[in-house]
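> My questions will all concern the structure given below.
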Amino acid sequence: DAGVIQSPRHEVTEMGQEVTLRCKPISGHDYLFWYRQTMMRGLELLIYFNNNVPIDDSGMPEDRFSAKMPNASFSTLKIQPSEPRDSAVYFCASTMLGELFFGEGSRLTVL
Amino acid sequence: AQSVTQLDSQVPVFEEAPVELRCNYSSSVSVYLFWYVQYPNQGLQLLLKYLSGSTLVESINGFEAEFNKSQTSFHLRKPSVHISDTAEYFCAVTTMDSSYKLIFGSGTRLLVRP
């Protein structure tokens, strides 16, 4: 298996623009997590899904953030409009039996 | 709610020396504990985990951690480190009823010097 696949690996955008991050979990995994990593706040859980259904989105910082999982093999995290403080590395992770497998992350820079 | 504390933000050590990275957790229910490692510009990789049974767990590359319920700790140790062990190490906790939702500590940067 190719592991958790995230795209893009790097994104540089200007404040106010829409950003969409994508994730393909490992086939067969029924949980998917979105984390954000910054120097100041460390690793923060934003939202997670079970069988494509959002279970807990309490970590989503603002209404500007939204996440979807239209099917078992694809999820998106969208930021609209983006702001400089959204700059971070966003990780997607999936699991079936408890061990989280992480993607390599999407590094977002908002100018 | 659960929480994880990693008191040391950075641990410098010379190659072939022993190292201990500290992790303490807080939870009112039984926990599962993990150590993840992150190399530069990469995602996190599972190093070892405690789910049940023996309180001493080991990884394939020489790390070990011991679950101490009375001290609510899960410290990571290695008797002799290599340059290649330089990375960020994260302790994480979850519970049986948390749907595998991991709560991470702030991380400890292990810096191995020649």
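The values are calculated or read from the model by the stated rules, or taken from the named source; none is laboratory data. These figures come from a predicted structure and were not determined experimentally. Every residue, glycine among them, receives a Cβ derived from its backbone with ideal geometry; neighbour counts consider all protein chains shown.
> Every residue in segment A:96-111 that is in a strand (DSSP E or B), surrounded by 21 or more Cβ atoms within 10 Å (Cβ to Cβ) and facing chain B (nearest Cβ under 9 Å), please.
A:PHE102
> Tell me the strands (runs of 3 or more DSSP E) entirely within segment B:1-43 that contain at least 2 residues that are of a type in the set (Phe, Trp, Tyr).
Per the criteria, B:31-38.
> Just checking, does segment A:38-61 include any residue being among the aliphatic types (A, V, I, L, M), away from chain B (no Cβ under 14 Å), part of a strand (DSSP E or B) and free of Cβ contacts under 8 Å to residues at least 60 places away in the same chain?
The answer is no; no qualifying residue exists.
> Can you confirm whether B:GLY62 is under 11 Å from the mean Cα position of the chain (by Cα) and either crowded, with 16+ Cβ neighbours inside 10 Å or touching a residue at least 12 places away in the same chain (Cβ under 8 Å) (or both)?
Spelling it out, it is not the case that B:GLY62 is under 11 Å from the mean Cα position of the chain (by Cα) and either crowded, with 16+ Cβ neighbours inside 10 Å or touching a residue at least 12 places away in the same chain (Cβ under 8 Å) (or both).
> Condition first: at the interface with chain A (Cβ under 8 Å from one of its Cβ atoms) and either free of Cβ contacts under 8 Å to residues at least 60 places away in the same chain or surrounded by fewer than 17 Cβ atoms within 10 Å (Cβ to Cβ) (or both). Now tell me which residues in segment B:89-105 satisfy that.
B:SER99, B:TYR100, B:LYS101, listed by residue number.
> Scan segment A:69-80 and tell me whether some residue there is buried (at least 16 other Cβ atoms within 10 Å of the Cβ), within 12 Å of chain B (Cβ to nearest Cβ) and not in a loop (DSSP other than H, G, I, E, B).
Checking segment A:69-80: not a single residue is buried (at least 16 other Cβ atoms within 10 Å of the Cβ), within 12 Å of chain B (Cβ to nearest Cβ) and not in a loop (DSSP other than H, G, I, E, B).
> Something else: If you go through segment B:85-101 one residue at a time, do you hit one that is modelled with pLDDT of 95 or more and in contact with a Cys (Cβ under 8 Å, 6 or more places away or on another chain)?
So far as segment B:85-101 goes, yes, one or more of its residues are modelled with pLDDT of 95 or more and in contact with a Cys (Cβ under 8 Å, 6 or more places away or on another chain).
> Looking only at segment A:56-65, decide whether some residue is loosely packed, with under 15 Cβ neighbours inside 10 Å, polar (S, T, N, Q) and at pLDDT 95 or above.
No, segment A:56-65 has no match at all.
> Just checking, which of B:GLN45, B:GLN71 is facing chain A (nearest Cβ under 10 Å) and surrounded by fewer than 16 Cβ atoms within 10 Å (Cβ to Cβ)?
It is B:GLN45.
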